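Novice: There's a structure below that I have some questions on.
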Amino acid sequence: MRYTGKKQKGMMLFVSIFILVVLALISTYVVSISAMTRHLEQFATQGVRAFFTARSGIEWGLFQVTNNPLVCPPTTTFNLTQGSSNGFSVQISCTVTSYTEGINNFNLFTITSFAERGSFGDADYVSRRLRVVTTLN
């Protein structure tokens, strides 16, 4: 019995199509992972910017309280338009509570800063809230 190879004719076509399909699926997967990673990096960067914008609001509130320790500044909102905080809105609020410990009276200031960019529910919405409690001697 001689082997002629006629029964296996065209097998390489199926193997090559299978390999091409597998490579196409792997390529699609790699591209989608790459796009998702890029989106997550951008979102993380915006989160850091929101944190530092809120921190700037805290520093502004501390400056106001330090310069006038008898009262809290009114709730203030800033819409930022320059630098890396472009497009952010930051709202700073302050409350003061009087405490007495023994013969000492002091005021406890709670400063809250809320920074956000975008509208709640949007894919690119980001916000950070920071709160500081301090007293002045």
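Every read-out reported here was derived from the displayed coordinates using simple, explicitly stated rules and does not represent laboratory data. No experiment lies behind these values; they were computed from the predicted model shown.
Novice: Can you list residues from other chains, or at least 5 along the same chain, whose modelled amide H is less than 5 Å from the amide H of F88?
Specialist: L80
Novice: Take the alpha carbon gyration tensor of region 10-87, find the square roots of its eigenvalues, order them as a ≥ b ≥ c, and report rounded if a/c is under 1.5; if not, report prolate when a/b exceeds b/c, else oblate.
Specialist: prolate
Novice: May I pose another question? What residue among I19, I33, I58 shows peak mean-square fluctuation when the chain is described by a Gaussian network model with Cα springs under 10 Å?
Specialist: I19
Novice: Helix 11-67 against the longest principal axis of the chain: what's the angle in degrees, Cα atoms only, rounded to the nearest 10?
Specialist: 10 degrees
Novice: For the chain, state the average projected area of the convex hull of the C-alpha atoms over all orientations, rounded to one decimal in nm².
Specialist: Over every viewing direction, the Cα hull of the chain projects on average to 16.8 nm².
Novice: If you project the alpha carbons of region 62-137 onto their three principal axes, what span does each projection cover, largest first, in Å?
Specialist: 53, 23, 17
Novice: Sticking with this structure for a sec: List the residues, sorted by chain then number, that are 5 or more residues from L108 or on another chain and whose placed amide H is less than 5 Å from its amide H.
Specialist: Those qualifying (amide H under 5 Å, at least 5 residues apart or on another chain) are T97, S98, Y99.
Novice: For the chain, what does the helix formula give at 222 nm: sum of -39500 (n - 2.57) over DSSP H segments with n ≥ 4, over the residue count, nearest 500 deg cm²/dmol? Numbers along the way, then the final one.
Specialist: Working: 1 runs with 57 residues, N = 137.
Value at 222 nm, helices only: -15500 deg cm²/dmol.
Novice: Further question on the same structure: Cα convex hull of region 81-120: how many Å³ per residue?
Specialist: Details: hull volume 3.5 nm³, N = 40.
With only Cα atoms used, region 81-120 gives 87 Å³ per residue.
Novice: Let me ask something else. Can you tell me which of T110, T28, T77 moves the most in a GNM of the chain? Springs connect C-alpha atoms under 10 Å apart.
Specialist: Per the Cα network of the chain with a 10 Å cutoff, T28 tops the list.
Novice: For the chain, set up a Gaussian network in which alpha carbons nearer than 10 Å are linked by springs, and say which option among G47, G118, G57 fluctuates the most.
Specialist: Residue with maximal mean-square fluctuation among G47, G118, G57: G118.
Novice: Would you mind pulling out the separation of the Cα centroids of region 33-81 and region 96-137, in Å?
Specialist: Cα centroid to Cα centroid, the span is 12 Å.
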